[in-house]
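What follows draws every value from the coordinates through simple rules; no lab data is involved. Here the structure is a predicted model, which is why all the values come from computation and not from measurement. Neighbour counts run over all protein chains shown; Cβ positions are idealised from the backbone, glycine included.
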Amino acid sequence: MCGIVGYLGPRVATDVVVGGLQRLEYRGYDSAGIAIYDPKEGLQLRRSVGKLIGLIARLHLEPARGHLGIGHTRWATHGGVTEINAHPHRDASGQVVVIQNGIVENYLELKARLVEQGITFVSQTDTEVIAHLVGLYYAESGSLATAMRQTLGELRGGNAVVAICVNEPDQIVAARLGNAGGVVLGLGEGEYFVASDVPAILDYTRDLIFLEDRELAVITSAGIRITTLAGDAVERRPISIPWDPVAAARGDYKHFMEKEIHEQPRALMDALRGRVDQEAGMVHFEDMRLDDAALRQVDRIYATACGTAWHAALVAKFMIERLARVRVEVDYASEFRYREPVLGGDALLLAFTQSGETVDTLAAMEEARDQKVFSLAIVNAIGSQAARVADGGPLYLHAGPEIGVASTKAFTSMLVVAYLFALRLAQARGTLNAAQMQPHLQALIELPGKAASVIEASMPICAELAEHYHRVENALYLGRQANYPIALEGALKLKEISYIHAEGYPAGEMKHGPIALIDETMPVICIAPQDEIYPKMISNIEQVRARHGQVIAIGTSGDQLLASKADHVISIPATLPLLQPILTVIPLQLFAYYVALRRGCDVDQPRNLAKSVTVE
């Protein structure tokens, strides 16, 4: 959710930076700060907890003057919501100032090393690790760009980092590592801008350059120089964003769905912000109104949703039952109230909804209220009706606006929030202690980076598969356990935007009907990561091949056995079994997107569908 803005030029940097941060307020944040440099005034840091109005009030009392500056709105990841944890952060010398979007997956390891070297930390953030590393390397090289390259070479995870140094007062260095944090550069007349998202700088320029993974930009009054992190020069011409606000919001993507697929690493990271305490081995939800005692009384959960959100609820059932050992029933919201459910006082209703306005889901929540059962809403739209009705509190996705009708980033964010809820429930009920929570939290922290790698690796494969299969009339998707709902979701995506008939099925049930459909014209998408039921999936794939079906397999990287059984393989990194669905669904989103593109369909607004269904 964090916002980044930087400026170098003749204008008052404070005005540009704060104004840009205001245009990014839609992304959510809990603190803000700026660093402004002036040759006479020196380095001026101003930070504040809460909304930007607090920072603006402070700047009225303590103005910051200069023509070079960077600013940041933070949503807490490591460390609480305090002024000392707000960005920007300085190194031990006070000469280097850093702001960051992202999560440093190995920050505990790096922090321990720095502490052994005598570095004293003043905050609880992972960003301070970056500041100290840059400061140490700067002391050796005397070059901020070199120090940034060396520092980023030690970081794991997706990060966008921007830094300035008082010894190089005509320079901003910005870099992107992975796909979890965007960096856009703006070119004006004798002035330059840096931002995490396009709206922050559209008032000043429409000529933009987007940094790619493992690229670094050195911005001076003479211009912008882009290199790889290895130091190789990169030539990239700016693109001109039209004045059309829709096109501007879409950026350099052809469709919103494409943009939102690529935003998933950042959305996953934003879903984790402020909720994971790695050092204590705990999960916290900022808006949950159910304490440990209330959570311990929950004997069963009714998860209710519609469409894609229902698939998220099905995956959540596996997560909650496995981790917290609480029974979960999953209902279509449109059916829930009509079956006259008997809930009971020890039940909890868990509603999944992107918009928070889906009429059937709201009706299910009202049914729970009528039976005096608490409800929680896993919801994206802040302040929506579902968020208000949920008496146990909303569990916000923080995924940002999702414009494409076919949900992508909201779905994967729902899965992350559901996993966090399962851990929070396990924490309260004692089914997992702090030490047992650690591997789950570490796997979650690593997830955005892994999602970014899946997107990058899957794009060319899925585009090629679309060329091969875009004329088919039917497709079958197979998965088992927590990946069975992903088979349903993959089939739904293909139906929604390409209008190809597709069916998702539990792989073990294939021989009880769908096997009759399989012939040499039928693509069968098999989700087969290496987990406890992997041998069963291999057996199902062999049954498909025996009927001459075309097998497109999604499996764990390096799986040679799967490669020998399938016609095509898309690989995903290894992770914990219950987190695999978050990675396995991404190639299915891309496959549907490229097939629809190849068929000439309206990807963002498929026929007969609406983003929010507010009628029965």
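Quick notes on this structure:
- For the chain, the antiparallel share of DSSP beta bridges with both residues in that region comes to about 60%.
- Region 450-598 - percent relative contact order, Cα under 8 Å, separation 6 or more: 32
- Every Cα-Cα pair of region 261-447 was included, and the share exceeding 22 Å stands at 40 percent.
- Applying a DSSP loop filter and a limit of 12 other Cβ atoms within 10 Å to the trypsin sites (Lys or Arg not before Pro) in region 1-81 leaves K40.
- Reduced Cα scattering model of region 520-616, Debye log10 I(q)/I(0), q = 0.13, 0.14, 0.19 Å⁻¹: -0.57, -0.64, -0.93
- Cα coordinate range in the chain, projected on the principal axes (Å, largest first): 78, 54, 49
- Of S498, L348, G383, farthest towards positive along the dipole that unit charges on Lys, Arg, Asp, Glu beta carbons give the chain: L348
- Long-range amide H partners of T556 with built H, under 5 Å: Q530, I572
- Global geometry of region 450-598, whether rounded, prolate or oblate, following the gyration tensor of its Cα atoms and the 1.5 cut on a/c: rounded
- CD proxy at 222 nm, helix term only [per DSSP H run n ≥ 4: -39500 (n - 2.57); per residue of the chain; nearest 500]: -11500 deg cm²/dmol
- Long-range HN-HN contacts of L395 with modeled amide H, under 5 Å: A377, I378, V379
- If you take the alpha carbon atoms of region 67-108 and fit the smallest convex hull around them, that volume is 102 Å³ per residue.
- Applying 1/(1 + (r/R0)^6) with r as the Cβ-Cβ distance of R236 and R289 and R0 = 45 angstrom yields a FRET efficiency of 0.40.
- GluC sites (Glu not before Pro) restricted to region 106-192 and DSSP loop, no more than 10 other C-beta within 10 Å: E189
- In order along region 561-570, phi translates into HN-Hα couplings of 4, 4, 4, 6, 9, 9, 6, 9, 10, 10 Hz, rounded to whole numbers, per the Karplus curve 6.51 cos²θ - 1.76 cosθ + 1.60 with θ = phi - 60° and x for Gly and Pro.
- For the chain, the relative contact order is 11 percent, taking Cα pairs closer than 8 Å that sit 6 or more residues apart in sequence and dividing their mean separation by the residue count.
- Contact order normalised by residue count of region 3-251, Cα under 8 Å, 6+ apart, percent: 18
- Stretched out straight at 0.36 nm per residue, the stretch from L517 to E321 would grow longer than its current Cα-Cα span by 67.2 nm.
- Cross-link pairs beyond the 18 Å C-alpha cut-off, checked among K536/K565; K317/K450; K254/K450; K409/K493: K317/K450; K254/K450
- Of all beta bridges that DSSP places with both ends in region 348-503, some 0 percent have antiparallel geometry.
- Normalised Debye scattering of region 502-555 at q = 0.23, 0.26, 0.31 Å⁻¹ gives log10 I(q)/I(0) of -0.86, -1.10, -1.48, counting only Cα atoms as equal scatterers and leaving out solvent.
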